[in-house]
1. Could you tell me which numbered condition Arg335 fails, if it satisfies all but one of (1) under 27 Å from Ser129 (Cβ atoms); (2) assigned to a helix (DSSP H, G or I); (3) more than 17 Å from the chain's Cα centre (by Cα)?
2. Cβ-Cβ distance below 6 Å, separation of 6 or more or different chains: which pairs start in segment 228-254 with a residue that is among the acidic types (Asp, Glu) and end on one that is part of a helix (DSSP H, G or I)?
3. Looking only at segment 314-333, filter to residues that are closer than 16 Å to Gly79 by Cα and among the hydroxyl-bearing types (Ser, Thr, Tyr); which one of those is modelled with the highest pLDDT?
4. For segment 211-241, which residues satisfy the criterion of being touching a Ser or Thr at 6+ places or on another chain (Cβ under 9 Å), under 15 Å from Ala136 (Cβ atoms) and among the aliphatic types (A, V, I, L, M)?
5. Quick one: would you say Thr187 is in contact with a helix residue (DSSP H, G or I) (Cβ under 6 Å, 6 or more places away or on another chain) and exposed (fewer than 15 other Cβ atoms within 10 Å of the Cβ)?
6. Out of all the residues in segment 148-164, is one or more within 18 Å of the chain's Cα centre (by Cα), touching a residue at least 24 places away in the same chain (Cβ under 8 Å) and within 24 Å of Arg93 (Cα to Cα)?
7. If you take the residues of segment 22-56 that are among the charged types (D, E, K, R) and buried (at least 17 other Cβ atoms within 10 Å of the Cβ), which of them is farthest from Glu148 (Cα to Cα)?
Amino acid sequence: MDLEELARTTGEWMRGSGPDSDVVISSRIRLARNLADYPFITRASTSDRVEIERTFRDGIARLGDQLRPEWIDVAKLAGLDRQFLVERQLISREHADSEGARGVAIDAQEQFSLMINEEDHLRIQVLKSGFDLQGAWEKINAIDDLIESQVTYAFHDRLGYLTACPTNVGTGMRVSVMLHLPALVITRQIDKLFRSLQKISLAVRGLYGEGSQAMGDFYQISNQITLGRSEVDLVKQVGEVVPSILEYERKAREFLIKESRQNLHDRVSRAYGILRTAQTISSEETMHLLSSVRMGVNLGLIPEVGMPVLNQLFIHTQPAHLQKLSGSELDTADRNIERARYLRGHLSDGTTEVN
């Protein structure tokens, strides 16, 4: 897979074409699986890791046209390329920073990725645009069945799938949605929402999952418990709470429009103006300002900018993407200048098309 070419395109999940995409950026389901004949990664030897990678790579190849992902040898990638895949949500930070034999298989539309030798031997991930957990579940269930037809998973009749982390034992499933909640942040209702979610065993994480901070008012909501719950139950648990969050965020946006439209319009317009004219700008400030502009577009305050363009800018202005697009490695100061130039070029008339 040509990462330079990939940097110039936009994955299906980033297009903002899915259901409820004004609030829900993406729906993701991840499955953790391990081979029966090898120790968990924390106890695996160097040769074990090589054999695990080979077993999955050969098994995927035998599926032929039924799957057809492209393989990337993560261990051979430069640090910038690994960070690029993290920003793209195709591998985890843990996978990027790990050591030894490891790879990832990715489909052309970036709807799924198969991480080999992350925390578990295999992490299957499916991403869908908008609120589409059912579509993600159907896709990942089919992929899991295909792979299991080629290899033998570690499975216990009573406990279910065996995983390196005890919290994943059972289904090995994590169900999550990435939400954009700027109005709840502005109206200071976000902490109340988080407390409510924690009471029903749902975790709240940042843009890049566990251990990451929230940026640009993006939050991932996911299940915490898998043992004793079926896959359908877990999809239902997360799926049933999302409509309430959508309602809270939309009501908060309506409140802001009704009670302080002028202040909101000023906030959004200032953000848009800075992004269109800045000569240097950091990644953190860009995320913050793009968040305001994205809300403004959804509320009809900035009608000339397309949502797919904004969704693309959230990813393409991240450090590794920016350097891949510019064709050279840049220090922080030069990245900030290049980021500003990139934003000016894509927001000058609001008509830029997404690849």
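1. Of everything listed in (1) under 27 Å from Ser129 (Cβ atoms); (2) assigned to a helix (DSSP H, G or I); (3) more than 17 Å from the chain's Cα centre (by Cα), Arg335 misses just condition (1).
2. Close Cβ pairs (under 6 Å, with a partner that is part of a helix (DSSP H, G or I)) amount to Glu249/Ala183; Glu249/Leu184.
3. The extreme case among them is Thr332.
4. Across segment 211-241, the qualifying residues are Ile221, Leu234, Val238.
5. No: the conditions fail for Thr187.
6. First pass over segment 148-164, keeping only residues within 18 Å of the chain's Cα centre (by Cα): none.
For segment 148-164, residues within 18 Å of the chain's Cα centre (by Cα), touching a residue at least 24 places away in the same chain (Cβ under 8 Å) and within 24 Å of Arg93 (Cα to Cα): absent.
7. Initial filter on segment 22-56 (among the charged types (D, E, K, R)): 22, 28, 30, 33, 37, 43, 48-49, 51, 53-54.
Okay, now just the ones that are also buried (at least 17 other Cβ atoms within 10 Å of the Cβ), so 22, 28, 30, 33, 48-49, 53.
Working: Asp22: 36, Arg28: 20, Arg30: 15, Arg33: 10, Asp48: 19, Arg49: 19, Glu53: 15 Å.
This residue is Asp22.
Per-residue answers, yes or no, for (1) crowded, with 19+ Cβ neighbours inside 10 Å; (2) assigned to a helix (DSSP H, G or I):
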residue: Arg261; (1), (2): no, yes
residue: Asp266; (1), (2): no, yes
residue: Tyr272; (1), (2): yes, yes
residue: Gln279; (1), (2): no, no
residue: Glu285; (1), (2): no, yes
residue: Ser292; (1), (2): yes, yes
residue: Val297; (1), (2): yes, yes
residue: Pro303; (1), (2): no, no
residue: Ile315; (1), (2): no, yes
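The values are calculated or read from the model by the stated rules, or taken from the named source; none is laboratory data. Note that the coordinates shown come from a computational prediction; the quantities given were computed from them, not determined experimentally. All Cβ positions, even for glycine, are placed from backbone atoms using ideal geometry, and neighbour counts span all protein chains on display.
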